[in-house]
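J.: Sharing a structure with you now.
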Amino acid sequence: MAQDIQSLAPNSVISDFLDIHQSMFGEVPPDDGHRRTILNPYHSHVGFGLAFRGHSLRLDELYLGRYLHIDPFPIRAKPKATVVLTGKLLNSTHFLHEVDVFYEPLPAPPDLSWLRTPRSLSLPDQYVILRPKAPAGTTYVDGKLGDYDWSGGKFRVPVKLLKDEPGIYTVLFWIRRVPSDKGFPAAQVCIVSQP
């Protein structure tokens, strides 16, 4: 954002928006979350939101990758329920690498000092990894068979809401475009668990 800009002339406002973008692009580690997002090679789409009122500007940039379609699903479920997520990869030659399920308690209003402290967004540290089912007659090295069905670009992922208390489950889908790719996050959905 920019406060108290000097001029409302169109070229000046455009220049201020470019400066805001450049400040995100110019970040340096370890505080370079915006820069890493901008340069992420797996993003396929970008959206820009521009707003100004009086002499204040706001710029929002949304980077995303469209690699899969998730069929409609219930966004609310009871604790301990299983929600089945189905869908398909937009390119059937890609691979559904794994699905991670994160849990966090329902948010509570933070105090003012927390709101005033800049911080990066992140997912919870603890999560469950779901793997594709192993081919018939095989298992993973740990002896397990896998957790979800995936073939021909279509998937069916049962997500177990393991906690008794209310919370938010974030389900993150990882894919690979070719077998040698490192898996990367391609989509995420949230499910609210409440009695």
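The values are calculated or read from the model by the stated rules, or taken from the named source; none is laboratory data. Everything numeric in this text was worked out from a predicted model, so none of it was measured. Please note: Cβ atoms are built from the backbone with ideal geometry, for glycine as well, and neighbour counts cover all protein chains shown.
J.: Collect the residues in segment 157-184 that are closer than 17 Å to Thr86 by Cα and assigned to a strand (DSSP E or B), keeping them in residue-number order.
T.: Val157, Pro158, Val159, Lys160, Tyr169, Thr170, Val171, Leu172, Phe173, Trp174, Ile175
J.: If only one of Leu89, Leu115, Leu96, Leu85 is touching a Gly at 6+ places or on another chain (Cβ under 6 Å) and in the same structural domain as Phe155 (by TED's automatic domain parsing), which one is it?
T.: When all the criteria are applied, what remains is Leu89.
J.: Tell me whether segment 17-37 contains one or more residues that are surrounded by 10 or more Cβ atoms within 10 Å (Cβ to Cβ), in contact with a Lys or Arg (Cβ under 8 Å, 6 or more places away or on another chain) and either in contact (Cβ under 8 Å) with a residue 24 or more places away in the chain or on the phi > 0 side of the Ramachandran plot (or both).
T.: Checked segment 17-37: at least one residue is surrounded by 10 or more Cβ atoms within 10 Å (Cβ to Cβ), in contact with a Lys or Arg (Cβ under 8 Å, 6 or more places away or on another chain) and either in contact (Cβ under 8 Å) with a residue 24 or more places away in the chain or on the phi > 0 side of the Ramachandran plot (or both).
J.: Follow-up. Anything in segment 125-156 that is closer than 29 Å to Lys78 by Cα and assigned to a loop (DSSP other than H, G, I, E, B)? List them, or say none.
T.: Within segment 125-156, Asp125, Gln126, Arg131, Lys133, Lys144, Leu145, Gly146, Asp147 meet the criteria.
J.: Still on this structure, I have one more. Out of (1) over 26 Å from Arg177 (Cα atoms); (2) surrounded by fewer than 16 Cβ atoms within 10 Å (Cβ to Cβ), what's the single condition that is false for Val83?
T.: (2)
J.: For segment 56-65, enumerate the residues that are loosely packed, with under 13 Cβ neighbours inside 10 Å and more than 24 Å from Gly183 (Cα to Cα).
T.: Those that are loosely packed, with under 13 Cβ neighbours inside 10 Å and more than 24 Å from Gly183 (Cα to Cα): Ser56, Asp60.
J.: Scan segment 107-130 for residues that are surrounded by 11 or more Cβ atoms within 10 Å (Cβ to Cβ) and either in contact with a Ser or Thr (Cβ under 9 Å, 6 or more places away or on another chain) or small (Gly, Ala, Ser) (or both) and jot them down.
T.: Leu123, Pro124, Tyr127
J.: Of all residues in segment 157-182, count the ones that are within 26 Å of Ile75 (Cα to Cα) and either among the small types (Gly, Ala, Ser) or modelled with pLDDT under 90 (or both).
T.: Total satisfying the criteria: 1.
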